[in-house]
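Accompanying notes for the structure given below.
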Amino acid sequence: MAEIGIGIVGGGYMGKAHAVAMSAVGAVFNTALRPRLEMVCATNTASAERYRVAYGFARATDDWRALVEDPAVEAIVIASPQSTHREIAEAAFTLEKPVLCEKPMGTSLADAQAMVAAAEASGAVNMVAYNYIRTPASQYARKLVAEGEIGDVTWFRGEHTEDFYSDPEAPATWRTEGQANGTIGDLAPHIFNAALALIGPIDRLIAEIETVHATRPGGTVTNDDQVQMMCRFGNGAMGQLHASRIATGRKMGYAYEVTGTKGAIRFDQEDQNAIWLYRAEGPEAERGFRKILTGPAHPDYLPFCQGPGHGTGYQDQIIIEARDFLRAIETRTPVWPTFRDGLEVVRIVETAIASSNSKSWLDVVAS
């Protein structure tokens with residue numbers, strides 16, 4: 001086993017999740033590379049020191065450049081606001097250091113393109129953090145679709161719906177400012193990524209983006225509350241995608257349905273340890289969706305638990321993600337989704353915005 005020094009830029013919600021994952025991944029997956037929490041960076045010295053003590057880092061800083069340039073920091077996790085992604089990633093790639101970046105890569109298509117160019121010019125390992133698709137249930141769903149178990153896919157419906165802003169009297173915060181913090185920049189990329197992972201490239205789409213509550217106590221809302229989209233996939237399948245932060249009653253509505261010529265799949269992250277599978281076989285009177293509880297027979301479940309139906313949780317998705325990142329570094333083999341894969345999500349976001357503005361179907365043009 002060999003140690004690898006990890007630096008994490010950002011110690012908040014996702015910074016903590018990545019720090020915990022890096023602390024646990026070696027024990028869970030018996031990885032050849034064992035992370036050492038070398039340095040954490042926050043916006044000020046006091047916050048950085050607080051995170052250092054809480055998460056077990058060796059050192060702390062309020063300067064991301066110091067973290068990136070430190071020789072003991074051998075791989076970097078970017079868990080800071082999207083506006084910082086590009087500059088940090090480019091600096092890391094200049095030093096040929098591996099980077100795991102929180103989704104969805106920068107604040108614009110130009111940012112994402114520049115990050116891909118820097119990653120590929122350096123040859124360093126690069127990966128985007130889309131964790132929800134890594135649950136054992138969704139990994140199994142991907143396997144079923146890829147192996148043709150439900151036949152040719154004809155239709156996909158996906159959503160990422162939450163209700164943290166469903167109350168019109170909830171006050172304005174940083175979340176209500178700027179496109180990157182709106183639903184199209186924050187929640188929608190997750191379900192766009194799921195669509196790409198399960199079905200494949202999207203050829204064209206029409207979208208509508210809406211701000212329902214234009215003002216809130218304390219300020220004006222400058223980004224969107226919800227988005228709806230119809231699309232046509234490269235394989236010919238129809239698609240419908242929806243994202244919302246005002247979906248009253250939905251707490252983690254990352255859900256999808258895949259319909260094929262021989263069967264269908266349903267999944268809902270609020271019941272993340274199960275999928276529903278329909279097979280068009282046997283007597284008609286006995287057909288129906290069957291609930292399958294995840295267990296040791298499903299991808300990446302056994303390292304966490306030997307008992308079927310006991311389940312995995314949110315943090316476990318991040319641990320699986322950390323394992324994949326470490327494996328990519330160890331083997332020098334790209335692990336999905338790379339920055340180039342992440343660019344495809346940003347292209348869909350940009351096309352959806354353009355479609356909503358023009359009120360028309362648009363092709364998702366390769367960049």
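Check VAL258 against each of (1) surrounded by fewer than 22 Cβ atoms within 10 Å (Cβ to Cβ); (2) modelled with pLDDT of 95 or more and name the one condition it does not meet.
(1)
How many residues are among the charged types (D, E, K, R), farther than 20 Å from THR107 by Cβ and within 21 Å of the chain's Cα centre (by Cα) when one looks only at segment 143-200? Before the answer, list the steps.
So the first thing to find is which residues in segment 143-200 are among the charged types (D, E, K, R), and the list is 143, 147, 149, 152, 157, 159, 162-163, 167, 169, 175, 177, 186.
Then drop every residue that is not farther than 20 Å from THR107 by Cβ, which leaves 143, 147, 149, 152, 157, 159, 162-163, 167, 169.
Filter once more, so that each one left must be within 21 Å of the chain's Cα centre (by Cα): 143, 157, 159, 162-163.
Of the residues in segment 143-200, 5 are among the charged types (D, E, K, R), farther than 20 Å from THR107 by Cβ and within 21 Å of the chain's Cα centre (by Cα).
Check off (1) closer than 25 Å to GLY342 by Cβ; (2) touching a residue at least 60 places away in the same chain (Cβ under 8 Å); (3) not acidic (Asp, Glu) for ALA72 and give me the number that stays unchecked.
ALA72 satisfies every listed condition except (1).
Any residue in segment 17-32 that is out of contact with any Asp or Glu (no Cβ under 6 Å at 6 or more places or on another chain), within 17 Å of ALA92 (Cβ to Cβ), of a type outside the set (Ser, Thr, Tyr) and crowded, with 16+ Cβ neighbours inside 10 Å?
Here is the first cut: in segment 17-32, the residues out of contact with any Asp or Glu (no Cβ under 6 Å at 6 or more places or on another chain) are 17-31.
Still in the running and within 17 Å of ALA92 (Cβ to Cβ): 18, 22.
In the following step, the residues that additionally are of a type outside the set (Ser, Thr, Tyr) were identified as 18, 22.
Within this subset, residues satisfying the condition of being crowded, with 16+ Cβ neighbours inside 10 Å are 18, 22.
Yes, there is a match, as at least one residue in segment 17-32 is out of contact with any Asp or Glu (no Cβ under 6 Å at 6 or more places or on another chain), within 17 Å of ALA92 (Cβ to Cβ), of a type outside the set (Ser, Thr, Tyr) and crowded, with 16+ Cβ neighbours inside 10 Å.
Which members of segment 292-313 meet the condition of being farther than 15 Å from GLN139 by Cβ and surrounded by 14 or more Cβ atoms within 10 Å (Cβ to Cβ)?
CYS305, PRO308, HIS310
Taking the options PHE57, PHE29, name whichever one is touching a Pro at 6+ places or on another chain (Cβ under 7 Å) and either more than 22 Å from GLN315 (Cβ to Cβ) or in the same structural domain as PRO98 (by TED's automatic domain parsing) (or both). Before you say what the answer is, go through the steps one by one.
Values: PHE57 fails: touching a Pro at 6+ places or on another chain (Cβ under 7 Å).
Selected residue: PHE29, the only one of PHE57, PHE29 that is touching a Pro at 6+ places or on another chain (Cβ under 7 Å) and either more than 22 Å from GLN315 (Cβ to Cβ) or in the same structural domain as PRO98 (by TED's automatic domain parsing) (or both).
Among (1) assigned to a strand (DSSP E or B); (2) in contact with a helix residue (DSSP H, G or I) (Cβ under 6 Å, 6 or more places away or on another chain), which single condition is THR107 missing?
For THR107, the exception is condition (1).
Let me spell it out: the conditions are (1) over 24 Å from the mean Cα position of the chain (by Cα); (2) closer than 23 Å to CYS305 by Cβ; (3) not aromatic (Phe, Trp, Tyr), and THR31 meets all of them except one. Which number is the exception?
The single condition THR31 does not satisfy is (1).
Among (1) surrounded by fewer than 18 Cβ atoms within 10 Å (Cβ to Cβ); (2) over 22 Å from the mean Cα position of the chain (by Cα), which single condition is ALA264 missing?
If we test ALA264 against (1) surrounded by fewer than 18 Cβ atoms within 10 Å (Cβ to Cβ); (2) over 22 Å from the mean Cα position of the chain (by Cα), just (1) comes out false.
Scan segment 178-190 and tell me whether some residue there is assigned to a helix (DSSP H, G or I) and surrounded by fewer than 17 Cβ atoms within 10 Å (Cβ to Cβ).
Taking segment 178-190 first, the residues assigned to a helix (DSSP H, G or I) are 179-181, 183-186, 188-190.
Checking which are surrounded by fewer than 17 Cβ atoms within 10 Å (Cβ to Cβ) leaves us with none.
No, because not a single residue in segment 178-190 is assigned to a helix (DSSP H, G or I) and surrounded by fewer than 17 Cβ atoms within 10 Å (Cβ to Cβ).
Given the conditions (1) among the β-branched types (Val, Ile, Thr); (2) buried (at least 17 other Cβ atoms within 10 Å of the Cβ); (3) at pLDDT below 95, report the number of the one that ILE348 does not fulfil.
Condition (3) is where ILE348 drops out.
With the structure loaded, tell me whether GLU159 is assigned by TED's automatic domain parsing to the domain that holds ARG216 and out of contact with any strand residue (DSSP E or B) (no Cβ under 6 Å at 6 or more places or on another chain) or whether it fails that test.
Working: assigned by TED's automatic domain parsing to the domain that holds ARG216: yes; out of contact with any strand residue (DSSP E or B) (no Cβ under 6 Å at 6 or more places or on another chain): no.
No.
Output the qualifying pairs, or none if there are none: Cβ atoms under 8 angstrom, residues six or more apart or on different chains, first residue in segment 153-172 and at negative phi and in contact (Cβ under 8 Å) with a residue 60 or more places away in the chain, second residue surrounded by 20 or more Cβ atoms within 10 Å (Cβ to Cβ) and acidic (Asp, Glu).
Filtered contacts from segment 153-172: TYR165/ASP225.
Looking at GLU96, GLU49, which is the one that is at positive phi and surrounded by fewer than 19 Cβ atoms within 10 Å (Cβ to Cβ)? Break it down stepwise before answering.
Numbers: GLU49 fails: at positive phi.
Testing whether each residue is at positive phi and surrounded by fewer than 19 Cβ atoms within 10 Å (Cβ to Cβ) leaves just GLU96.
The values are calculated or read from the model by the stated rules, or taken from the named source; none is laboratory data. Quick caveat: nothing in here was measured; it's all calculated off a predicted structure. Here the Cβ is made from the backbone with ideal geometry for all residues, glycine too, and neighbour counts use every protein chain on show.
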